[in-house]
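Presented below is the structure to which this report refers.
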Amino acid sequence: MIRVEGLTKVFPTPEGVEKTAVRDLSFAVEPGEIYGLLGPNGAGKTTSLRMISGLLRPTAGRVYIGGVDVTDDPERVKRSIGYLTANTGLYERLSPLEFLRYFATLYSMQRDEAEAKIAGLIEWLGMESFAAMRCGALSTGQKQRTNIARALLADPPVLIMDEPTLGLDVLSNRLILELIRTQARAGKAILLSTHALDEIETMCQRIGLIHDGTLIAEGSLDALRTETGKQRLSEIFLQLTNAHDPVLAD
């Protein structure tokens, strides 16, 4: 469902020297799979996700979503992706209900279909108590639930999630993790990036470790344990990078 081939991104700097943020990144995510992309701050994870979702044009390489080249047909690809981050903005003067209706029009959904889908998402995500409030007055967890509803509104086959539980309370965190599992069981391909190692360990069938813009290892947790002789993800990462100081929260 997601296929990444030789993805590279080079940025110019004010000093006139080019910086390579992502270098020759390749991996795939199958339908029904949760793939975890793990690495420290500045490793290139968010840049990679933005290229994969069609929000940022790569310097080199290809990304295919459902067989469609993201660079050749970005608008078609975007309709197949639900993209969720911890800091996705909302229109503060709109209510969650108005916000979702607006996005339904962007997806060209029929009105009856959109209203039924929105009602179902509001009930499923427990949004009834704040669906009519202005988004600017919502808590962090309420805003993230609204963004989840937006990401799922058109029932996309691919979900890309960048730190989706950052800053959330325990209940909201659990809700989002269960939602991710539910979507995977429904056959969706899910690409998850997070610093929460326990989430990666318990949820992901395969893990890609990225360091300095390069994928340094990939496989199941058991395979990575066998390769390194280490049990914890933080230890595995340090072993593979020959680092001596912790770089990942545990």
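Legend: residue pairs 45/188; 78/143; 19/230; 117/188; 78/117; 19/45, Cα-Cα distance threshold 26 Å; pairs beyond threshold, 19/230.
Given the -39500 (n - 2.57) contribution per DSSP H run of 4+ residues, what per-residue ellipticity at 222 nm results for the chain, rounded to the nearest 500 deg cm²/dmol?
Values: 9 runs with 91 residues, N = 250.
About -10500 deg cm²/dmol.
Work out how much length residue 185 to residue 166 would gain on full extension: take 0.36 nm times their residue separation and subtract the Cα-Cα distance, in nm to one decimal.
The span from residue 185 to residue 166 would gain 4.5 nm if fully extended.
Taking all Cα-Cα distances within segment 1-150, those exceeding 28 Å account for 34%.
Can you send over the carbon and sulfur percentage of the accessible area for segment 95-240, probe radius 1.4 Å, protein chains only?
50 percent
Normalised per residue, the accessible area of the chain is 49 Å², obtained with a 1.4 Å probe and no contribution from ligands, DNA or RNA. Using a ≥ b ≥ c from the Cα gyration tensor of the chain (square roots of the eigenvalues), is it rounded, prolate or oblate, where a/c under 1.5 gives rounded and otherwise the larger of a/b and b/c decides, a/b for prolate? The shape class here is prolate.
According to the Cα-based calculation, Rg over Rh for segment 116-250 is 1.04, with Rh computed by the Kirkwood formula.
The values are calculated or read from the model by the stated rules, or taken from the named source; none is laboratory data. Because the structure is predicted, anything quoted here is derived from the model rather than measured. Just the protein is used for accessible areas: all its heavy atoms, side chains included, with ligands, DNA and RNA removed. Shrake-Rupley method; radii C 1.70, N 1.55, O 1.52, S 1.80 Å.
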